Amino acid sequence: LDLPGFGHSGDLPHYSIQISADFICGFIKTLSVKHSLVSVSMGSFVGADIALRFPKYIHKAILTGPVIKDGRHKHIPTAINIFLRAIQKSSYSKAAIKRIIETRAAAYFTAKYLNMYRWNREIVDLYGMIGKRLVRKEAYVDMGVSASKYDLKSILADLTVPTLLILGNKDIYTSAQIVRKEILPLNKNLKLAVIKDAGHVTPWEKPKEVAHLIVKF
């Protein structure tokens, strides 16, 4: 599924985690059976929001590479929020950011230094370019602002749907050790699976392992 404002889905006047969750749930309601919901990275905010607010429509939730604030980089979300809110005020700024993000150089940089454990140019060329070019500039900025304010930790504590968290052991955004110590004890419906030698984008780096975990869960 492409979220509103992403890929080949239509546009909206405004975007947020909650608005995206509303639209995805609207789609889920048209299906004849309950399905499990799989999400990746920023999509995990949307997946968690659906699991929290619309639990009767999904069977299980799988959050791959969820970004959970754990205190290690507590100032980063605030800085990102301030930066993106400033950009929100100008269509020229949003267009400029969009042009930078969709470049091959930006995709290589984020993959090499933020998202992947082992740099692989072929994987980035295959998976990391098309989606960025199809994101509308308003969706990118609005969703970034919404995600920077979203407290996923508190949402996970309240989920009633069986939920699997999939993390690479080298994910720089979320520590598996902290999840085990601080998140899992909050809710018996949560489970954690850690994939060895993988960073933030585990479906890119370890697709077979991720697929196995999803099927097993």
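The values are calculated or read from the model by the stated rules, or taken from the named source; none is laboratory data. Here the structure is a predicted model, which is why all the values come from computation and not from measurement. Virtual Cβ from ideal backbone geometry, glycine too; neighbours counted across all protein chains shown. Areas reflect the complete protein model, heavy atoms only, side chains present, ligands, DNA and RNA absent. Shrake-Rupley method; radii C 1.70, N 1.55, O 1.52, S 1.80 Å.
Taken over region 1-11, residues that are out of contact with any Phe, Trp or Tyr (no Cβ under 7 Å at 6 or more places or on another chain) and either among the hydroxyl-bearing types (Ser, Thr, Tyr) or open to solvent by less than 40 Å² (accessible area, probe 1.4 Å) (or both) amount to 4. Regarding residue 88, is this residue open to solvent by 50 Å² or more (accessible area, probe 1.4 Å) and either closer than 29 Å to residue 207 by Cβ or at pLDDT 95 or above (or both)? So residue 88 fails the test. Checked against the criterion of being more than 29 Å from residue 57 (Cα to Cα), touching a residue at least 24 places away in the same chain (Cβ under 8 Å) and not small (Gly, Ala, Ser), the candidates 171, 125, 142 yield just one match: 171. Filtered by the rule that a residue be over 18 Å from residue 2 (Cα atoms) and of a type outside the set (D, E, K, R), region 131-162 gives 145, 148, 150, 152, 154, 155, 156, 157, 159, 160, 161, 162.
Residue-level check: of (1) at pLDDT below 90; (2) more than 18 Å from residue 111 (Cβ to Cβ); (3) surrounded by fewer than 20 Cβ atoms within 10 Å (Cβ to Cβ), residue 157 misses just (1). Based on what the data block shows, is residue 162 closer than 23 Å to residue 17 by Cα and open to solvent by 30 Å² or more (accessible area, probe 1.4 Å)? Yes, satisfied.
Conditions tested, residue by residue: (1) within 13 Å of the chain's Cα centre (by Cα); (2) crowded, with 20+ Cβ neighbours inside 10 Å; (3) farther than 18 Å from residue 21 by Cα; (4) modelled with pLDDT under 95.
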| position | (1), (2), (3), (4) |
| --- | --- |
| 149 | no, no, no, yes |
| 169 | no, no, yes, no |
| 174 | yes, yes, yes, yes |
| 178 | no, no, yes, yes |
| 184 | no, no, yes, no |
| 187 | no, no, yes, no |
